[in-house]
Every structure is written in C-alpha cells, then in structure tokens.
1. Name the residues in segment 148-198 that are over 24 Å from the mean Cα position of the chain (by Cα) and assigned to a loop (DSSP other than H, G, I, E, B), would you?
2. Just give me the residues in segment 111-127 being under 10 Å from Asn148 (Cβ atoms) and under 23 Å from the mean Cα position of the chain (by Cα), in sequence order.
3. Identify, please: which residue in segment 1-20 is assigned to a loop (DSSP other than H, G, I, E, B) and touching a strand residue (DSSP E or B) at 6+ places or on another chain (Cβ under 6 Å) and is, among those, farthest from Pro43 (Cα to Cα)?
4. Which one is farthest from the chain's Cα centre (by Cα) among residues in segment 242-275 that are in a loop (DSSP other than H, G, I, E, B) and closer than 23 Å to Ala135 by Cα?
5. Taking the criterion of being assigned to a loop (DSSP other than H, G, I, E, B) and free of Cβ contacts under 8 Å to residues at least 40 places away in the same chain, would at least one residue in segment 290-297 satisfy it?
6. Provide a single number: the residues in segment 50-83 that are touching a helix residue (DSSP H, G or I) at 6+ places or on another chain (Cβ under 6 Å), open to solvent by 30 Å² or more (accessible area, probe 1.4 Å) and in a strand (DSSP E or B).
7. Select from segment 89-122 the residues that are touching a Phe, Trp or Tyr at 6+ places or on another chain (Cβ under 7 Å) and open to solvent by 10 Å² or more (accessible area, probe 1.4 Å) and write down the one among them that is nearest to Ala276 (Cα to Cα).
8. Which condition does Leu197 not pass, out of (1) within 30 Å of Arg340 (Cβ to Cβ); (2) touching an Asp or Glu at 6+ places or on another chain (Cβ under 6 Å); (3) not polar (S, T, N, Q), if it passes all the others?
Amino acid sequence: MQAIDAIEVGGLLRPGKRVWVAGSSNEPRALVEGLRQACERDPAIAEGVTFLQFPFPGMNRFDFSSLSAATRMDAFFLTRELREGHASGRVQYVPMHMRHVYDYLARGLDVAFIQCTRDASGVLRAGPNVDFHAAALGGAKVVVAELNTALPAPAGAPPIDEAAIDYLVTSANGPMTLPPAEPDEVARTIGAHVASLIHDGDCIQTGIGAIPAAILAALSDKNDLGMHGGLLDDGGRALIDAGVVNGAAKSHMQGAHVTGMLVGSADLFAWAAARADVFLVGADVTHESRTIALIDNFVSVNSAVEVDLDGQVNAEVVAGRQIAGVGGAVDFMRAARMSRGGRSIVAMTATAARGKVSRIVPRAGIVTALRTDVDIVVTEYGIARLHGASQAARAEALIAIAHPDFRVDLRRAWRTGLS
C-alpha cells in the first residue's frame, strides 16, 4: 500500500481505462477533488477514460465527463447534475437493477476509488455505503482508497484487508450528510395509509424523501418490526432507538438491522459507530431475492413517477426525459413476492406539477416495474389493492385513488382502450 497525494491519482489513468467511483455517503471526496484539480492542469489525463458511478440524488454532484472533452461516464442512476452531460451524450445511462450492478462490477474494473476509515480499535473498515464495495474491491486491478480520518467507522461495516489496497490518500472530510425531508400534510396522509398496511412483526424496506419519512414516523405504535433494505436514515434510527424496530420477529438474521448505506445527519453516523446490530452489507445481500425469501412478511415500499391503469410503474422518466433510474425498487418488489406474507407497495402523491398532472395515467411513459410486480398502490386518496384483482378491477381501484379532477378522463381513457 503506497501513500500518495490526491492530485497524484491522475497519473493512474490511461485511455480505455474503466474507473469505478464509490457513491452515496461513501464518495471519496478528496480523491474526486484531487482528480478534478489534476485534470484542470492537464485535461489529457482523463481523455479516453470512462468513469462509472451509482450516484445518489442530492449527494453525488460531480459529472466526471466534464473532466475533458474525451472523458465519458456510465451512470447507473441519473441525477440533476448529470442531465446536461446525458443530453450531450458524454454521460451514458445504464439501466440495470441494483442486484445486477453488483455482478456487473465484480466481473472486472481497471481502477476502483473507494473510501474507508478506522474504528476505535484501529481496524480498517469500509465507509457508510457498501452496496458495491466488495464487488469493486474484488473486481478492480488497482484499488485507490481514501482514508477519511474524520469519518466515524460504522461498527457493522465490513473490515478491509489492507493488502487489497494499492494506493492510499488520507483526508479528514468527515461524513457526507443529507438533511432530513420535511413531510407535508399530503405526505403524512400517505404515510398513515401505508402504516395501516404494516403489521406487528413485519420486516420493512423504504426509500428516502418526504413520503418515506412520513411512513416511518407513522409506525411508532407498531411492535417488533424488522428492517432489511438499501438504506437506513434518521427516521429508521428513531424507530430502532424507540424499540419499534428490534428485529425480534425476523425469520432470518433475527435482531439484525440490515442495510446497504447510511444516509442522514452527522448524529446518524456517530450512532452507527456504536451499533454492532446495524449490519452494512452489499447489494448481493440487501437486494438478493433468495435472501429476502427467507424473511417472512417482508414489506417493500417504493415510489413512482406514475402508475398506469394496468398497474405498470414508471419510476424514472418524465415527459420522455430520463430523470432517475431503475435503482433497486424492482429487486425489492419481486423479492417481496417470494417472502411468505410479503407485500409490495408503491406510495406516491396523486398529482405532480402542483396538481396539474395526474400520476395515475392511462399508459405509463416507460415501464420500470411490471403490472405483476406491485400488490398495492397508495396515494393521499386511498389504497388500491391490485394483487389478485382482474384487469378491470385494477383500473377501477386505481382511478378511485387518483385526484378527483382526473377521474372522469381516466375512466374515459380506460373505456376507449377497451373498444
């Protein structure tokens, strides 16, 4: 393991190289900044290089294709900061479920940029996002690690064999935080609807944002919930601290809170440093259907851009424009079907664009999840139970939870589609 300065990482690049950069709350910011400075001095450093990342909205803001005119980026999710590069063709969106991204990266990379830290005993551990950590560590020919000395080491993060690291850059950046979402009245109504579908002893998976925050806040009267999902935020932490989530009823990994990443406040990271029952594991575990099938009563809760009258879900395209990605939602939806007592829920507001656009639509702009992947759809207007319902019954249930201003047109579109 050779210690280098961050600006020296540019010397490791060559045309044709594929470079993975860890994302979400574990992005190695000193490495990214050193690379940016190196390319500012000499853009040719990054020419012909393709960077790969699974960026997290609101956190990973750097467009690696901006390093030079001949630099490219493959993104497994699109964020606002990547839209210009995507429109120009420098950024390529790669549609792939999170579970499959893990295997894709494990098959081989030239260079991997990761972040790590040391726990109180001096053990080198991965930082607070390990979705693809093991895949990149094992699949890269060269591993460059940023040792962030100001980052609390999650007690449940995997240790790293120091022999696996080729180059080490030291920083003191601390954790990358994300402010909590503030649910409004509509989000709280949706949260209450979803909470009514979750029973004592269920194991839950949620996302990030105002609606997931409202759902978690509405679960305070539940008992013995479990947690297994892609992320753990401050709302999940509060339920663990309150004893609502204790994992006591989990039929697999009982008592363990399983996640791929920590996303939230600085307090969350400090808390996780003392919680050995919070396990950070890769997408080959969090999103693996064979693992989730071992968990009874697994409830997956995800969001959508729109749901059509057949129950098909679009979670990534608005007006023909790619704004997000496939992500891990479909992994969880299908895994929930394999769980005994499992349920797949899509929760969203009934409208977008300040009420001008219905999220319940006659036909989805693109299909992220099939109509067979979703059991229940929830808006502020109620709950549509789709599993086991006929095609006509599904359409009627979805129209009933659309905004009242759009129901007549939706019913007319449904009838026209039948003729």
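The values are calculated or read from the model by the stated rules, or taken from the named source; none is laboratory data. Owing to the predicted nature of the structure, the values given are computational and were not obtained by experimental measurement. Neighbour counts are summed over all protein chains in view; Cβ atoms, including those assigned to glycine, are modelled from backbone coordinates with ideal geometry. Side chains are part of the model used for accessible areas, which takes the heavy atoms of the whole protein and leaves out ligands, DNA and RNA. Shrake-Rupley method; radii C 1.70, N 1.55, O 1.52, S 1.80 Å.
1. Passing the criteria: Thr149, Ala150, Asp161, Ile165, Asp166, Ala172, Ser196.
2. Gln115, Cys116, Thr117, Gly127
3. That would be Met1.
4. Among those that are in a loop (DSSP other than H, G, I, E, B) and closer than 23 Å to Ala135 by Cα, it is Met253.
5. no
6. 1
7. Tyr102
8. Looking at each condition in turn, Leu197 falls short on (2).
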